[in-house]
Amino acid sequence: MPKTVSGFSKFNKLEKINWLVSAFFNDDENVKDILIQYWNKNEVLQDLHDDFIENTISNFYLPYAVSPNFIINGREYAIPMTIEESSVVAAASLVAKFWSTRGGFKANVISTTKIGQVHFMYEGNKAELENHFNKKKEHLYKVTENITKNMRKRGGGILDIELRDKTSELENYYQLHVTFETVDSMGANFINSCLEAIADEFKKEDIQIVMCILSNYVPECLVHAEVSCKVDDLYAENSEVLAQKFVQAIQIANAEPHRAVTHNKGIMNGVDAVVLATGNDFRAIEAGAHAFAARNGKYKSLTNATIENGIFKFWIEIPLALGTVGGLTKLHPLSKLSLELLENPSAKELMEIIAVAGLAQNFAALRALTTTGIQKGHMKMHLTNIIKQLGASEEEKAFLIDYFEHKTVTHNAVVEAYNKLV
């Protein structure tokens, strides 16, 4: 059967599956069964999922978990997390409990400005362009008034519109750089609609509009989170030495980009898990965070730590453009539930919670790396996955978990131990 198709989007879901199985899986009925078994039995809910994107044929589930015992700015939280990676939730939970007896996490939002740009080409006289912009600037605000009306009622809207000369980087390239406050909305559709209205008003014969689009690089939509305690309270033994190794681990991430990327990936384990659980855009958050990590021309750690006068301090500053209204936050039942679990936070409060999740994850990783090593705990968590892959019975599973209680877990070691049972 041909592997190209016409009118695929018009097929119903079962027709899509039938074509796919015939064209790519040699009519293997097992493939069809796998896809159908993940359909939600609640037809209303399944229809809701089907409408999120195009050409849906099934659902891809990720575990939804809760990490309790977080204290943030004096408030108690159980944080929802959606992630498939072993040990992430366990690590966050352990760190939350650890810091709950040491004053908890402190967090504050530094700023919430978001950015959109109208990119255009202009070959004429720069002074004439500036004159055109200055004459048009007030009109650029006015043409968006219908779009911004509701946002302005909530305290948001367009903050400023600038003309920027980028010709030193690309010939004839200019932009209108627009800053926004979107309050509790992530604001992508709002920003893009404003930009298109601005572009229509600004354009003229010698101005070639290339595109209008928000930016996911939001260095001024920034949140800070931290923990601190006496060095002696960090570790039961060798606290001074181990605290210094912790600080050195971050210094290494700042000096070595290869380490920094993995260091920040660990932070994003915590960040992305909560971003997903609350129906926000983890791809945008990832892109913005990594761009921020490289803002000074070299990719570095998103976290920092110091030891001063016997006090250990550990903190993060990260850009997070989030929303608690609009998009999936009000459509996906689990996203709605997640926000209710967090006591319906504002966008600023959600920024603080998610920054704390990232900081907690990094603390867990660095503490493990500078003491016992990260694989011991990670492979213990991974043990159950290996056992499931082997198809072990409940009795065999119980035996293997007990067997590896004080042994090093590797895939080969688990397979060998299992083979001795069967």
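A short reminder: the numbers here are calculations on the coordinates, not readings from a lab. The structure presented is a predicted model; accordingly, all values stated were derived computationally and were not measured. Methodologically, a virtual Cβ is constructed for each residue, glycine included, from the backbone with ideal geometry; neighbour enumeration extends over all protein chains shown.
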One finds, for K336 and E169 with R0 = 60 angstrom and r their Cβ-Cβ distance, a FRET efficiency to the nearest 0.05 of 0.90
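Percent relative contact order of the chain, based on C-alpha pairs within less than 8 angstrom and at least six residues apart?
17 percent
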Inter-site label distance for Y38 and A294 at 7 Å from Cα along Cβ, in nm | 3.1 nm
Assuming R0 = 56 Å, can you tell me the calculated FRET efficiency for the pair S9 and N412, based on Cβ-Cβ distance, to the nearest 0.05?
-> 0.75
In percent, how large is the relative contact order of the range 114-215, given Cα pairs closer than 8 Å and 6 or more residues apart?
-> 48 percent
Between R283 and K397, what length in nm is gained on full extension when 0.36 nm per residue of separation is reduced by their alpha carbon distance?
-> 37.4 nm
Give me the distance between the Cα centres of the range 39-116 and the range 272-296, rounded to whole Å.
-> 13 Å
Give me the percent of Cα-Cα pairs in the range 114-215 that sit more than 19 Å apart, rounded to a whole number.
-> 38 percent
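Assuming a ≥ b ≥ c are the square roots of the Cα gyration tensor eigenvalues, decide whether the range 232-373 counts as rounded (a/c under 1.5), prolate (otherwise, with a/b larger than b/c) or oblate.
Details: a/c = 2.55, a/b = 1.72, b/c = 1.48.
Prolate shape, in that a/c is at least 1.5 and a/b is the bigger ratio.
Only helices at least 20 Å long along their axis, Cα-based, and averaging -0.5 or more on Kyte-Doolittle count here, so list those DSSP H runs from the chain. Intermediate results must be reported in sequence, preceding the final value.
On the way: long enough: 126-142 (24 Å, -1.91); 188-202 (21 Å, 0.53); 239-255 (24 Å, 0.53); 257-277 (29 Å, 0.19); 347-369 (33 Å, 1.00); 374-390 (24 Å, -0.28).
Answer set is 188-202, 239-255, 257-277, 347-369, 374-390.
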Calculated from DSSP helices alone, with each H run of at least 4 adding -39500 (n - 2.57) and the total divided by the residues of the chain, [θ]222 nm to the nearest 500 comes to -15500 deg cm²/dmol
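In the range 30-95, what chymotrypsin sites (Phe, Trp or Tyr not before Pro) fall in a loop by DSSP, with at most 15 other Cβ atoms inside 10 Å?
Numbers: sites: Y38, W39, F52, F60, Y61, Y64, F70, Y77; in loops: Y38, W39, F52, F60, Y61.
When the chymotrypsin sites (Phe, Trp or Tyr not before Pro) of the range 30-95 are filtered for loop state and at most 15 Cβ neighbours within 10 Å, Y38, F52, F60, Y61 remain.
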Rough spin-label spacing in nm, given labels placed 7 Å along Cα→Cβ, for T372 and Q244 | 2.5 nm
Distance in nm between pseudo-label sites at N73 and K153 (7 Å out along the Cβ direction from Cα) = 2.6 nm
When the dipole is taken about the Cα centre of the range 8-50, and only Lys, Arg (+1) and Asp, Glu (-1) are charged at their Cβ, what size is it in debye, to the nearest 20?
-> 140 debye
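Using the Cα centre of the chain as the reference point, and only Cβ charges (+1 on K/R, -1 on D/E), how large is the resulting charge dipole? Debye, rounded to the nearest 20.
Working: 43 positive and 52 negative charges, 119 e Å.
The calculation lands at about 580 debye.
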Which of Y122, S185, T144, positive extreme of dipole for the range 114-215 (C-beta unit charges) = S185
Proximal charge balance of I36 [Cβ under 12 Å; K/R count +1, D/E count -1] | +2
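Based on the Cβ-Cβ distance of D160 and E54, what FRET efficiency does E = 1/(1 + (r/R0)^6) give at R0 = 56 Å, to the nearest 0.05? Spell out each step's value before the answer.
On the way: r = 37 Å, r/R0 = 0.66.
FRET efficiency, D160 to E54: 0.95.
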Count charges around E130 for me, please; just the other residues with Cβ under 13 Å from its Cβ, Lys/Arg as +1, Asp/Glu as -1.
-> +2
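Please give the length that would be gained between A90 and N131 if that part of the chain were fully extended, namely 0.36 nm times their separation in residues minus their C-alpha to C-alpha distance (nm, one decimal).
Working: separation 41, 0.36 × 41 = 14.76 nm, distance 5.92 nm.
Full-extension gain reported as 8.8 nm.
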Provide the descending list of Cα extents for the chain along its principal axes, expressed in whole angstroms.
-> 81, 71, 41
